[in-house]
Amino acid sequence: MKKYVTGMLISVVLLFVGVNAYAEGTSLALKFGFFIPRATSSTSGFSSGLNYEGAIGFRPHTNIGAEFSVGTFSSSSKTSSTSTSTNHITTITTSTLTTSAIPILATIKFILPVAYEAFELSLGGGLGYYLFTYSSSNESNTTSTSLSSNSSLGYHVVSAIEVPVTSGFLLGVEGRWTYIDGDFMSRWFGLTVNGMFKFLL
C-alpha cells in the first residue's frame, strides 16, 4: 500500500511540474493557524498546536488550481504522577511528549463558480509526506529528554474561501482534514485551520 501511495505522490509532483509549464497564474501564500488532533488511540491527550506553512500555487484553468506547500506543526501531551517515600515525602513527576512535524503537501483544488466576484470558494484534496520528530521529558528532581524521528504518508481534504483585497493580494481562511497513515506514534487524524495571505505574481 505504501509503495502505491508513494508512486501516486511522485506522480502528483510530476503533475505539478507539468502544470507549472502551462500555468497562467502563479501565487505565493503564507498560512498561519492551528492543528487540532482528533482523539484516537495514538493522539488521546494531545493538545492543539500552532501550524505554519508556505505555499506556491498554479492556476492552469479558471476552475482548477494546484498547490505545493511545506510547513510545520507540533502537539504535546502532558501527564503527572505522584509517589510517596517511606519518610512521607511526596514527589510529583511530570512527563511531556511532544510531536513536531514537517508536512510536504501536494494539493489539487477545484474553484467553484459563484455568482459574486467578491470572494472565491474552493474544494480539493491531495497527498502529503510528513517528517516527524518526537521528544519526551520527565521532570521531577531531574529532567531527562529522549529524541526519535520517523516519516509517514498522509491524505487530506481541503476547503477554502478567499477574498481579494487588491488586484494582487488576497486574504483567506482554509480548513483541512488530514489522515496520516503511520505507525502508532505518527498515525494522526485532525483538522488544520489556517488564516491565509496570498500574493499573485
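The values are calculated or read from the model by the stated rules, or taken from the named source; none is laboratory data. A quick note: this is a predicted structure, and the numbers were derived from the prediction, not measured. Note that we place each Cβ from the backbone using ideal geometry, even for glycine, and neighbour counts take in every protein chain shown.
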TRP188, sole failed condition from (1) of a type in the set (A, V, I, L, M, F, W, C); (2) under 23 Å from PHE68 (Cβ atoms); (3) at pLDDT 80 or above: (3)
Residue in the stretch 10-27 that is modelled with pLDDT of 60 or more, more than 24 Å from THR133 (Cβ to Cβ) and exposed (fewer than 15 other Cβ atoms within 10 Å of the Cβ) present: yes
Cβ-Cβ under 7 Å pairs, at least 6 apart or on other chains, the stretch 53-72 side free of Cβ contacts under 8 Å to residues at least 24 places away in the same chain, far side outside any strand (DSSP E or B) and not aromatic (Phe, Trp, Tyr): none
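Would you confirm whether any residue within the stretch 42-54 is at pLDDT below 90, closer than 24 Å to THR166 by Cβ and not in a strand (DSSP E or B)? Give the derivation first.
Taking the stretch 42-54 and keeping what is at pLDDT below 90, we get 42-49.
Filter once more, keeping what is closer than 24 Å to THR166 by Cβ: none.
Among the residues of the stretch 42-54, not one is at pLDDT below 90, closer than 24 Å to THR166 by Cβ and not in a strand (DSSP E or B), which makes the answer no.
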